[in-house]
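**Student:** Quick one: this structure, given as structure tokens, is what I'll be asking you about.
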Ligand SMILES: [Zn+2]
């Protein structure tokens, strides 16, 4: 099977890679992510909303999870959004390529949360920065260990919000992230 840049299975068919739609606790926002990494990405998004800045769920086209496509500007590298292992938050406030869209204090919290949930932040990319973007950087076994360590493996409290999503991703926007 095709893989995204971080090694996770990617597909234009969301059902083939167990994409689910999950509500971010504390918000009405629902993000589409791969089921196996959902506790990390959704947990992170909830903490981001509480501790970094509110996720603006009223804006359309501002927050993204699964979306099948190549990395912006690449014809070959499959975006981690294609495997449902990356999310973009408050995209219009933190556009692709922009630097310093968060305060130093926010950056500290972001880095702390990324360590907690074992995510890589696009703001720490060496080349083109992508401050809206957060992605899984570990393999499936490592992800399971982190989820167990955080006690999130049986977190079914949001279960009624988990809906198998069979629609296809539709991101065709100019300044979308990697
Ligand atoms: Zn992104």
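Laboratory data are not the source of any read-out in this text; all were calculated from the coordinates shown. Worth saying up front: this structure is predicted, and the values here are computed from it rather than measured. Here the Cβ is made from the backbone with ideal geometry for all residues, glycine too, and neighbour counts use every protein chain on show.
**Student:** Ranked from highest to lowest mean number of other Cβ atoms within 10 Å per residue, what is the order of the peptides 133-141, 110-118, 55-63, 42-50? Provide the component values of the computation, followed by the final result.
**Tutor:** Working: 133-141: 19.6, 110-118: 17.2, 55-63: 14.7, 42-50: 21.2.
Ranked by mean Cβ neighbours within 10 Å, highest first: 42-50, 133-141, 110-118, 55-63.
**Student:** If you don't mind, another one. Where does the chain land at 222 nm, in deg cm²/dmol rounded to the nearest 500, when only DSSP H runs of n ≥ 4 count, each adding -39500 (n - 2.57), divided by all residues? Please list the in-between numbers first.
**Tutor:** Values: 3 runs with 38 residues, N = 178.
Here the helix-only value at 222 nm equals -6500 deg cm²/dmol.
**Student:** Take every Cα pair under 8 Å in the chain that's 6+ residues apart, average their separations, divide by the length, and report that relative contact order as a whole percent.
**Tutor:** Working: 339 pairs, mean separation 51.3, N = 178.
Worked out over the chain, it gives 29 percent.
**Student:** Additional query: What's the FRET efficiency of residue 128 with residue 105 using the Cβ-Cβ distance as r and R₀ = 22 Å, to the nearest 0.05?
**Tutor:** On the way: r = 24 Å, r/R0 = 1.09.
That pair, residue 128 with residue 105, gives E of 0.35.
**Student:** Here's a follow-up. Mind running the shape call on the chain? Use the C-alpha gyration tensor, a ≥ b ≥ c as the square roots of the eigenvalues: rounded below 1.5 for a/c, prolate if a/b tops b/c, oblate otherwise. Kindly include the intermediate steps, with their values, before the conclusion.
**Tutor:** Working: a/c = 1.28, a/b = 1.05, b/c = 1.22.
Because its axes are fairly even, with a/c under 1.5, the chain counts as rounded.
**Student:** Another question, then. Measure off 7 Å from each Cα along the Cα-to-Cβ vector at residue 98 and residue 137, then give the distance between these two points in nanometres to one decimal.
**Tutor:** The two pseudo-label positions are separated by 2.3 nm.
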